[in-house]
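> Input: one structure, supplied below.
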Amino acid sequence: MFETTTTMKKVVVTSTTVTGAILAAPLAADAALGDDTLYPGTNNDEVKKLQDLLRDKGYFTYHTTTGYYGDRTKEAVLAFQKKHNLTADGIAGPQTFGVLLTERTNPPDKLASSTSSASKQSSKKKMLLGSSTILRLGDQKEEVTELQRQLHSLGYYNGDQNGYYGRQLKESVKKFQREENLAVDGIAGPQTFAALKSVQVAEQPTSDSKHEETDKTQTYSDTFKVLSSGDKNSDVSLLQRQLKDLGYYNKDITGIFGPMTEKAVRKFQINNNLQVDGMAGPKTLNKIQNNPKNAQSLKSDTEIEEQNQNNDQISSELRYESRGQEVEALQAQLQQLGFLKMEPTGVYGEVTEHAVKDFQQEHGLQRDGVAGPVTLNKLKELTSVEEKPEEAKPAETPSNGKVNVTNLVADAAEHIGTPYVWGGSSSSGFDCSGFLQYVFKENGVELPRTVAGIYDAGTSVDTPRVGDIVFFETYQEGPSHAGIYMGNDQFIHSGSSTGVTVSNMNTSYWDERYLGVKRYF
C-alpha cells in the first residue's frame with residue numbers, strides 16, 4: 001500500500017489507530033471454501049467450487065467447471081477483483097472470497113440492464129465509498145470524483161473534481177490520514193472512507209439557532225477536564241464558541257476537537273502565557289473565562305518563532321499519545337542523532353517511545369520513555385552542534401545480538417505495498433515467511449524459511465511486544481501465517497491478497513485464527 005520510503009516509515013507511529021486491509025471472513029456455510037487460498041495451477045474440488053461461484057455470477061464463461069485453476073479461471077478472478085476494487089492479482093485469497101461469498105448473484109452482463117432504470121435516480125445521490133472500495137494513484141473513475149468532493153468539503157483538497165487520482169489528491173489523502181491517525185499511505189481504502197464518514201458527520205454544524213449565541217452562564221461539565229484532539233462533546237462546542245468570541249477560532253461550531261480547534265487553542269495559550277500544548281486543560285479553560293487576552297493582541301508568527309528560539313531551557317513534557325509540533329521536533333532530533341529511522345509525524349507512538357528510551361539509556365538518563373525537561377534539553381544540546389561528537393551517536397547493535405526494534409519495524413514498513421509472490425523472498429515480491437526472513441536478516445537475526453519452522457524456533461511469550469512475531473492458523477492446521485507485531489494490536493505481514501500491508505489483530509478474521517506469539521531476540 002505504501003509507495004515511498006518516507007511514507008512507509010510514517011506508518012510505524014500511527015499504529016494507535018486502526019490500519020491495514022479489512023479481510024471479510026467467509027459465511028459459516030461456506031467456511032471450507034473460503035479457508036484456503038487458491039492459486040493458478042491448483043487442481044482440486046475447491047477450484048471447482050470457485051468456478052461454480054464465478055460462473056453463477058457471470059465471470060467464468062467456460063462451458064463446464066473443471067477443477068483446474070488455469071488461465072480462464074485466473075481471468076475470471078481478475079475480472080471479479082477489478083469489478084470490486086480488490087487487489088487484482090488473479091489469486092483467490094481471503095479478501096476475494098470474503099466478497100465473493102457474501103455478494104448476491106448479479107452477473108456483469110446483466111448488471112447494466114438491471115440497474116439502468118435506477119441509474120438516473122442514483123446519479124443525483126452521493127456515491128457510496130465503502131468496505132470493498134480501494135482507490136489509489138492513477139485510478140480514474142466515478143468513485144474518485146466522490147472522494148475529491150468529500151475531501152474538498154473538509155478543506156483537504158482544492159483541485160479539480162475530475163475523477164482522476166493524481167498526486168495532488170494523493171497528498172490530500174495523506175494529510176487527512178495523518179490528522180486522523182490512520183496509516184499514512186495515500187491510498188483511500190476502507191479505514192480512510194470510514195474516517196471520512198465519521199468526520200463529516202461530526203463536523204455538521206448544529207441546527208439549533210440558540211447555539212449560535214454564546215451562553216455566558218454555560219460551564220464545563222468537569223472542573224478538571226482536559227479537552228484534546230479527537231474529543232467530540234458539548235464541552236468542545238463550548239470551547240469553540242468561547243475561542244470564536246475571542247477571535248482565535250473562525251470555523252463552524254462542530255463539537256469535534258480537530259486540527260483547527262487545536263491551532264486556536266495553541267494561539268490562545270501563546271497569547272496568554274500558558275504552556276503551549278494544544279490541549280485545553282484546567283489552566284487554559286480557567287483563563288478563557290477569567291480576563292483572557294483576545295486575538296487582537298496576538299503576537300505575529302515571526303515574534304512567536306523568535307520567542308521560542310530564545311528559550312534556552314525547555315520545561316515541557318512529551319509522552320506516549322502526545323501530538324503536535326513539539327512531538328514532530330522531538331522526532332526530528334531523534335532522527336538527526338540516529339535513534340529514529342522514520343520521518344517525523346507529530347504523533348508520539350510506541351516507536352517514538354522506544355527511540356526516547358534508547359536515547360535516555362545511551363546518555364545515562366532515566367529510561368522511562370517520557371521526554372521531560374532533562375531529556376529534551378539534552379537533545380537540544382546535542383542537535384544544536386553542527387558537528388556532533390562521535391559519542392553523541394547511538395551505539396551500534398550490541399554484540400549480544402539484541403535487535404533495535406525501532407529499526408526492525410521501520411525496515412519492515414519500507415516494504416509495504418510490495419506484491420505477494422509465492423515463494424518470494426526479495427524486495428520485488430514476498431510470500432509470508434520470505435518477508436519475515438528478509439526483514440529479520442537485515443537486522444542480524446536468521447530465521448527458518450517456513451512459517452512452521454519460524455514458529456518452532458521462537459520463544460513463547462504471553463503478551464506480544466513490538467518486534468515479536470504473531471502467528472495464525474489460516475489455510476491448514478497449525479501455524480501457516482505470521483507477521484511482525486507493531487504495537488496497539490497492529491502487525492505487518494505479506495498477505496496473499498494484499499501483499500505487504502498492516503492489519504489489525506482484532507478484526508474477526510485474524511482474531512479467530514490467532515495462535516500465539518514468539519520472541520526471537
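Every number in this text was worked out from the coordinates using simple rules, so none of it is lab data. Because the structure is predicted, anything quoted here is derived from the model rather than measured. Here the Cβ positions follow ideal geometry from the backbone for every residue, glycine too, while neighbour counts run over all protein chains shown.
> Would you mind putting 290-296, 190-196, 364-370 in packing order, based on average other-beta-carbon counts within 10 Å, highest first? Working shown, then result.
Working: 290-296: 12.4, 190-196: 20.1, 364-370: 14.1.
Top to bottom by mean Cβ count within 10 Å: 190-196, 364-370, 290-296.
> Long-range amide H contacts for residue 227: which residues qualify at under 5 Å (H placed 1.01 Å from N, peptide plane, sequence gap of 5 or more or a different chain)?
280, 281
> Apply the a/c threshold of 1.5 to the C-alpha gyration tensor of segment 442-487 and tell me whether it is rounded, prolate or oblate.
Judged from the Cα gyration tensor, segment 442-487 comes out oblate (a/c at least 1.5, b/c at or above a/b).
> Need one word for segment 403-519: rounded, prolate or oblate. Basis is the Cα gyration tensor (sqrt eigenvalues a ≥ b ≥ c); a/c below 1.5 gives rounded, then a/b vs b/c decides.
In terms of gyration-tensor shape, rounded.
> Any chance you could run the full-extension gain for residue 384 through residue 275? It's 0.36 nm times the residue separation minus the Cα-Cα distance, nm to one decimal.
That pair, residue 384 and residue 275, stretches by 36.9 nm at full extension.
> For residue 39 and residue 460, what is the calculated FRET efficiency with R₀ set at 25 Å and r taken between the beta-carbons, to the nearest 0.05? Before the final figure, lay out the partial values.
On the way: r = 31 Å, r/R0 = 1.26.
E(calc), rounded to 0.05, equals 0.20.
> Pull up all non-local amide H partners of residue 277: gap of 5 or more, or a different chain, and H-to-H distance under 5 Å with H placed in the peptide plane.
none
> Order by neighbour count: 276, 374, fewest other Cβ atoms within 10 Å first, most last.
By the 10 Å Cβ count, ascending: 374, 276.
> Between residue 441 and residue 374, how many nm apart are label points set 7 Å from Cα along the C-beta direction?
4.3 nm
> Short version: ³J(HN,Hα) in whole Hz for each residue of segment 440-453, in order, from phi by Karplus 6.51 cos²θ - 1.76 cosθ + 1.60 (θ = phi - 60°), x for Gly and Pro, what are they?
5, 5, 4, 10, x, 10, 8, 10, x, 7, 9, 4, 4, x
> With each pseudo-label sitting 7 Å past Cα toward Cβ, what's the residue 452-residue 319 distance in nm, one decimal?
Output for this residue pair reads 4.7 nm.
> Restricted to Cα positions, what overall size does segment 325-392 have along the principal axes? Three whole-Å values, descending.
In descending order, the Cα extents are 28, 23, 20 Å.
> Further question: Going through the cross-link list 232/283; 174/283; 263/378; 175/341; 244/293; 141/170, which pairs have a Cα-Cα distance over 24 Å in this structure? Mind dumping the intermediate values first?
Details: 232/283 20 Å; 174/283 34 Å; 263/378 28 Å; 175/341 21 Å; 244/293 13 Å; 141/170 15 Å.
Checking Cα-Cα distances, 174/283; 263/378 exceed 24 Å.
> Can you give the extra length, in nm with one decimal, that the chain gains between residue 140 and residue 234 once fully stretched, where that is 0.36 nm per residue apart less the Cα-Cα distance?
Computed gain between residue 140 and residue 234 is 29.8 nm.
> Once phi is turned into ³J(HN,Hα) by the Karplus curve 6.51 cos²θ - 1.76 cosθ + 1.60 with θ = phi - 60°, what whole-Hz value does each residue of segment 424-438 show in order, with x for glycine and proline?
3J(HN,Hα) across segment 424-438, in whole Hz: x, 9, 10, 5, 7, x, 10, 9, 4, 6, x, 5, 4, 4, 5.
> Once amide H atoms are placed 1.01 Å from N in the peptide plane, what residues at a sequence separation of 5 or more from residue 516, or on another chain, have their amide H within under 5 Å of its amide H?
Excluding prolines and chain starts, which carry no amide H, the hits are 471.
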